Amino acid sequence: MPVQKAIRHLPTDQYEKRPQGTEIDTIIIHSMHNPEAKDRFSAHSCKECLDKHGVSSHYLIDLNGKVWQLVAEDKKAWHAGFSRMPNDGRESVNDFSIGIELIGTEDTEFTEAQYKALALLTKDILSRHPVRYIYGHCDIAPGRKTDPWRFDWSRYQRDILHTSPAVSLIFSPTVATEDRHDKKQARKQQSSIEER
Ligand SMILES: [Zn+2]
């Protein structure tokens, strides 16, 4: 089933028009919860939190993998804030990006359902827009933002390249760091085996 059919709508009025002729070529992954709410992980309480701060995102993915749309893709959501692309230095990333908030905390893992929903949603977005970059909020606002927290970039990249092998994408630099770390770990394990 196309993921679009499973999308729930939770509209906000925190958005504006994109600059005319803008091509959407970037996806920004975020994470959040509402620390003040009784149910800090529900889409509704997270939307309240965004509303309160005068910000928004195109999508929210809750712990059960349900996808909630707050802003239409052709509109500019307010998720990036002061931001700069690491590769080409473009600023005002909201202008040309789609923002996806994964509900979570700094010290918990995202769920299987969230990774699956995110992969489907991403694939869907790739079919509609000429996306070339997928970054985390931390990549476009370093020193100011640390999300998405504990996000498994390697897994996400594998999921996307598996479902959309023809697409040429640049992922968060975090992927390369994780890969290097994995290789280092693998070498370490190998050498300790040799020593035995
Ligand atoms: Zn963020």
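Screening Arg144 with (1) more than 12 Å from the ligand (Cβ to nearest atom); (2) at negative phi; (3) of a type outside the set (A, V, I, L, M, F, W, C); (4) surrounded by fewer than 20 Cβ atoms within 10 Å (Cβ to Cβ) gives one miss only, at (1).
All conditions in (1) basic (Lys, Arg); (2) modelled with pLDDT under 85; (3) within 16 Å of the ligand (Cβ to nearest atom) hold for Arg180, with the sole exception of (3).
Here the range 113-134 is the region considered, the condition is being in a helix (DSSP H, G or I) and charged (D, E, K, R), and the residue that is surrounded by the fewest Cβ atoms within 10 Å (Cβ to Cβ) is Arg128. Considering (1) away from the ligand (no atom under 16 Å from the Cβ); (2) at positive phi, the lone condition that Ser154 does not fulfil carries the number (2).
Restricting attention to the range 86-112, which residues are more than 15 Å from the ligand (Cβ to nearest atom) and either assigned to a loop (DSSP other than H, G, I, E, B) or within 24 Å of Pro11 (Cα to Cα) (or both)? Walk me through how you get there before you give the answer.
Step one: of the range 86-112, the residues more than 15 Å from the ligand (Cβ to nearest atom) are 86-92, 95-96, 107-109, 111-112.
Matches in the range 86-112: Pro86, Asn87, Asp88, Gly89, Arg90, Ser92, Asp95, Phe96, Asp107, Thr108, Glu109, Thr111.
On the basis of being farther than 20 Å from Arg158 by Cβ and free of Cβ contacts under 8 Å to residues at least 60 places away in the same chain, does Leu70 make the cut? No: the conditions fail for Leu70.
Being closer than 18 Å to Arg144 by Cα and in a loop (DSSP other than H, G, I, E, B): is that true of Ser31 here? Spelling it out, it is not the case that Ser31 is closer than 18 Å to Arg144 by Cα and in a loop (DSSP other than H, G, I, E, B). Cβ separations smaller than 8 Å between residues 6+ apart or across chains give the following pairs from the range 90-119 residues that are closer than 18 Å to Ile24 by Cα and in contact (Cβ under 8 Å) with a residue 24 or more places away in the chain to residues that are assigned to a strand (DSSP E or B) and basic (Lys, Arg): Val93/Arg84; Asp95/Lys76.
The set of residues from the range 59-81 being more than 16 Å from the ligand (Cβ to nearest atom), more than 23 Å from Phe110 (Cα to Cα) and in a strand (DSSP E or B) comprises just one member, Lys75.
Can you pull out every residue in the range 13-57 that is in contact with a helix residue (DSSP H, G or I) (Cβ under 9 Å, 6 or more places away or on another chain), surrounded by fewer than 18 Cβ atoms within 10 Å (Cβ to Cβ) and closer than 22 Å to Thr105 by Cβ? Passing the criteria: Pro35, Glu36, Ala37, Lys38, Asp39, Arg40.
Each residue in the range 35-58 was checked for being under 13 Å from Pro11 (Cα atoms) and in a loop (DSSP other than H, G, I, E, B), and 4 of them qualify.
Scan the range 85-142 for residues that are small (Gly, Ala, Ser) and either within 18 Å of Ala43 (Cα to Cα) or at pLDDT 95 or above (or both) and jot them down. Gly89, Ser92, Ser97, Gly99, Gly104, Ala113, Ala117, Ala119, Gly136, Ala141 - these are the residues of the range 85-142 that are small (Gly, Ala, Ser) and either within 18 Å of Ala43 (Cα to Cα) or at pLDDT 95 or above (or both). If you go through the range 141-167 one residue at a time, how many are in contact with a Phe, Trp or Tyr (Cβ under 8 Å, 6 or more places away or on another chain) and among the small types (Gly, Ala, Ser)? Count: 1.
The values are calculated or read from the model by the stated rules, or taken from the named source; none is laboratory data. Note that the structure is predicted; figures quoted are calculated from it, not measured. Reconstructed Cβ throughout: ideal geometry from the backbone, glycine too, with neighbour counts over all protein chains shown.
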